[in-house]
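Undergrad: Got a structure for you, written out below as structure tokens; questions coming shortly.
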Amino acid sequence: MRRRFMDTQEHLASLDGQQYLVLRPAGAVARAYEEVQGALLAGDAGGLPHPHTGHVTLRGFFEPHRREELAALIRTWAADRRPIALAADAVDSFAAPWQIVILRLARTAALVDAYASLTDALAGSDFRRLGELPLDEWTFHLSVVYAKTLRPEAWDRLEAAAVRPLDPSPAETVDAVEFVWYENGEEYAETIPLGGIS
């Protein structure tokens with residue numbers, strides 16, 4: 001059974017009407033993510049909000065009335081893509097005001113190409129994108145713990161304890177993307193295979 005990314009009613013309600021295109025690691029990167037998150041939640045980060053499964057967001061959208069049209073564009077894009085290599089190189093963070101502990105990914109050629117080609121596919125559309133950044137400014141990552149509610153001193157302690165390089169770097173290849181959407185307090189997802197699979 002598929003584990004949802006978010007499962008608190010408060011968080012689900014805050015995402016209503018939004019859609020996300022994500023990668024869901026299931027191998028070595030996923031295991032590293034679970035180890036890092038488990039250790040943090042067992043310690044000072046216990047009780048903080050967090051994703052309930054690791055995922056790499058490629059884009060966010062707000063298209064509650066054109067979801068199927070958006071999904072069709074993503075299916076067309078995915079049909080031309082090859083499997084995507086992922087490698088986690090560090091436990092890192094997004095500093096204040098975000099205060100998020102992340103598992104940072106290396107900028108593999110396949111991951112960079114996926115982001116850039118998706119930008120090209122969306123260029124001729126007017127779909128409303130959320131938090132989109134140029135490729136050079138985007139940090140590929142899996143969010144581990146959301147610590148925005150921590151006071152600065154507590155965040156500084158958590159960040160100092162968490163941030164470190166990963167050596168060796170866990171790596172895996174994903175052969176599908178997930179199109180996730182939120183509607184009426186529920187999370188839904190469609191798994192879309194990447195068409196370049198040989």
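Read the figures in this text as sums done on the coordinates, not as results from a lab. Because the structure is a prediction, the values reported are computed rather than measured. For neighbour counting, all protein chains shown are included, and Cβ atoms are generated from backbone atoms with ideal geometry for every residue, glycine included.
Undergrad: Counting Lys and Arg as +1 and Asp and Glu as -1, what is the net charge of the other residues whose Cβ lies under 13 Å from the Cβ of S93?
TA: Working: positive: R104, K148, R157, R164; negative: D92, D156, E159.
So the surrounding residues net to +1.
Undergrad: Projected area of segment 119-198, taken from the Cα convex hull and averaged over every viewing direction, in nm²? Walk me through the numbers on the way to the answer.
TA: Details: hull surface 37.7 nm².
Hull-based average projected area comes out at 9.4 nm².
Undergrad: Taking the Cα centre of segment 9-192 as origin and charging only Cβ (+1 Lys, Arg; -1 Asp, Glu), how large is the dipole, in debye to the nearest 20?
TA: Roughly 160 debye for segment 9-192.
Undergrad: Hey, could you grab the Kirkwood Rh for segment 57-101? Inverse mean 1/r over distinct alpha carbon pairs, Å, one decimal.
TA: Evaluated over segment 57-101, this radius sits at 13.9 Å.
Undergrad: Which of the peptides 84-91, 36-43 is most tightly packed, and how do the rest follow, going by the mean number of other Cβ atoms within 10 Å of each residue?
TA: Values: 84-91: 21.4, 36-43: 15.8.
With the highest mean Cβ count within 10 Å placed first, the list reads 84-91, 36-43.
Undergrad: Taking Rh as the Kirkwood radius, which is the inverse of the mean 1/r over Cα pairs, what is the Rg/Rh value for segment 9-192?
TA: Over the Cα atoms of segment 9-192, Rg/Rh equals 0.96.
Undergrad: If each of T149 and D167 carries a label point 7 Å out from its Cα toward its Cβ, how far apart are those two points in nm?
TA: Rounded to a tenth, the inter-label distance reads 3.7 nm.
Undergrad: Of I74, I192, how do they rank once you tally other Cβ atoms within 10 Å and put the fewest first?
TA: I192, I74
Undergrad: Now, a different point. Just order 93-105, 125-137 by mean Cβ neighbour count inside 10 Å, highest at the front, would you?
TA: 93-105, 125-137
Undergrad: I'd like the orientation of helix 109-122 relative to the chain: the angle between its Cα long axis and the longest Cα principal axis, in ° from 0 to 90, rounded to 10.
TA: It is inclined by approximately 50 degrees.
Undergrad: Let me ask something additional. Against the longest principal axis of the chain, how steep is helix 152-162, in degrees 0 to 90 to the nearest 10, with axes from Cα atoms?
TA: It works out to around 80 degrees.
Undergrad: If eta is 0.692 mPa s and T is 37 °C, what Stokes-Einstein diffusion coefficient results for segment 20-66, Kirkwood Rh from Cα pairs, in µm²/s? Show your work: numbers first, answer last.
TA: Details: Rh = 12.4 Å.
Translational D for this selection: 264 µm²/s.
Undergrad: Using helices alone, I'd like the mean residue ellipticity at 222 nm for the chain: each DSSP H run of four-plus residues gives -39500 (n - 2.57), total over residue count, nearest 500. List each step's numbers first, then the result.
TA: Numbers: 5 runs with 59 residues, N = 198.
Result for the chain: -9000 deg cm²/dmol, rounded to the nearest 500.
Undergrad: Helix 28-42 versus the longest principal axis of the chain: what is the Cα-based angle in degrees, 0 to 90, to the nearest 10?
TA: Here the helix axis deviates by roughly 40 degrees.
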